Amino acid sequence: MELKFTNNLILPKTGNFRYWKYANNVTTYIQNNICFKSLDNWDGDIEWANSAVELWHKLEFKGNPSCPASFFHELYRGPKINWSINSTLSAYFHGAVQQVFELGLIQPPLYYYDMKSAYLWGGLKGLPLNFRYYAYGDKNFIAIVELLKIPDNAPNCFRRKIQVVTNEDIEYYNLEVKILWAVSCFNFDYPIAPIMERLNNVLDERTMKRITQSYWGRWAAKAPFFMVNVKEGKAKYTQLKSIFANFIWAIIIIHRVIRRVWEVKQLDTVLILTDAVLKKSRLLSVGNLPGMFRLKDSFDKPVYVRSPGLWSIAPVPNDRAYWLKHSGYAREIREQSILNDFNNAEISLNS
C-alpha cells in the first residue's frame, strides 16, 4: 500500500474509504489502496516523516509510524492493565503543574531553567510490573483520596478535595487523606531503559528527543479512538479500545516530574511551567543528565506574566501568537525578528 503524508488531512467527499479518528482529529485515512497520514505529529516536516518511514521498514517493523513515539511502542507495550483500573484512574488523571507566584511586570535579573529529559527521567526511576487492588499495609500504591486538609505547601493540582495521588505524594507533601479507592504496585523494574538505549543507537537526535518527550502519552490517552468505514455515503463507527492504556505508569511518571520541579520552587520562583521554572536567582545545582535542571536563558529586561502559562519578555505583544506559552519558550517564534524587537525596545505595557 502506498503511503502519503499531508499537512492538511481532509477526508474525501466521494467514494468509499476508511479513516481513524482520535478525539476530533483524523489521523489516517485509506482510499484506493493509498494510506494518507497527517503530518501534524512530524511538525509538518515531510522529509522528517519520510526518513522515519524509511528507517521503520529497515528495522522490519509492521505498518507505518504515526509519530516518533511509534518506534518506542513497536518495541514495548508494557503490562496489560485491567480496564476497570484504567477507567477509574482516567477520570482523575491530570497533567503537569503550571503555576504562577507573581503576576504583572517582573524586574530582572531572571533565570529560566528547564529539566533535562523530564519524562524520560520519570520513567527511568523504575515502574511496577504487577498490580492488585489495595490492601491495608501496602507500601506502594496509587489512590483516589479525599483531602482532609488542604495543604499549604503543595502545587495547585494537589488542592482539590477529591483527587489521585501516589504514596510518594502523600509523604512528600505531608497530605492528610482518606483513601476512597486504590491499586497497589509491586515488582518495580526498569523496562524503559533498554528500549531507549536500543532506539538511541539507530535514531537521529531529533526523533529521539521527541520520543523521550512523548513516549508516555499513549498510556494516558483519555479520548475515544474510532475507526470509521464510509461506504456509499454512509459511515459506520467502531470505537477501538486502546491497547496502550496504562494510567498507572502515566500517573507515576507525571507525579515524579511535578515533585521534581517542586523541589526547586523557593520563595524566588515566579513561574512553574510543566518541567521548567522562571526564577529570580540562580539554582546552585545544575547539570545535563536526565532529571537535572539546565540554565536555558537569563533575562536582563523585565518579563510580563499574564497567567500561569502565558508570559513574555516586555514590552507586551499585542498578538497572542508571540506570547511565550506553556513550556513553549523553546518553540519556534513565527518571526524571530519580532522577539528581537521586544528585547531591544523601550519597556512599555501596551497590552
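Computed about the Cα centre, the dipole magnitude for segment 186-300 is approximately 380 debye when only Lys and Arg (+1) and Asp and Glu (-1) carry charge, each at its Cβ. How would segment 110-215 be classified by its alpha-carbon gyration tensor: rounded, prolate or oblate, with rounded meaning a/c under 1.5 and the a/b versus b/c comparison settling the rest? Oblate is the answer for segment 110-215, as a/c is 1.5 or above yet b/c matches or exceeds a/b.
Values of log10 I(q)/I(0) for segment 225-302 across q = 0.12, 0.16, 0.20 Å⁻¹ run -0.57, -0.72, -0.95, by the Debye formula with one identical scatterer at each alpha carbon and no solvent.
Going from the residue with the fewest nearby Cβ atoms within 10 Å to the one with the most, Leu59, Leu175, Leu273, Leu199 rank Leu59, Leu175, Leu199, Leu273.
The residue among Phe186, Trp249, Met227 whose Cα reaches farthest toward the positive pole of the charge dipole of the chain, with charges on the beta-carbon of Lys, Arg, Asp and Glu, is Met227.
Put a plus charge on the Cβ of each Lys and Arg, a minus charge on the Cβ of each Asp and Glu, and nothing anywhere else: the dipole of segment 23-95 about its Cα centre is then about 400 debye.
For Gln163, nonlocal amide neighbours, meaning residues 5 or more places apart or on other chains whose placed amide H falls under 5 Å from its own, are Val145, Leu147.
Arranged from fewest to most other beta-carbon atoms within 10 Å of their beta carbon, Ser84, Ser38, Ser51 become Ser84, Ser51, Ser38.
Loop-located GluC sites (Glu not before Pro) across segment 29-61 with a Cβ neighbour count of 12 or fewer within 10 Å are Glu60, with loop assigned by DSSP. In a DSSP loop and with at most 16 other Cβ atoms within 10 Å, the trypsin sites (Lys or Arg not before Pro) in segment 192-264 are Lys222, Lys241.
For the pair segment 175-237 / segment 142-161, the C-alpha centres are spaced 26 Å from each other.
Dipole orientation for segment 37-105: of the candidates Ala91, Pro68, Trp42, Ala91 has the Cα lying most toward the positive pole (charges on Cβ; Lys, Arg +1; Asp, Glu -1).
Dipole size of the chain about its Cα centre, with +1 on Lys/Arg Cβ and -1 on Asp/Glu Cβ: approximately 1060 debye, rounded to the nearest 20.
Applying a DSSP loop filter and a limit of 14 other Cβ atoms within 10 Å to the trypsin sites (Lys or Arg not before Pro) in segment 2-84 leaves Lys13, Lys62, Arg77, Lys80.
Each reported figure results from applying straightforward, stated rules to the coordinates on display, with no laboratory input. These figures come from a predicted structure and were not determined experimentally. Every residue, glycine among them, receives a Cβ derived from its backbone with ideal geometry; neighbour counts consider all protein chains shown.
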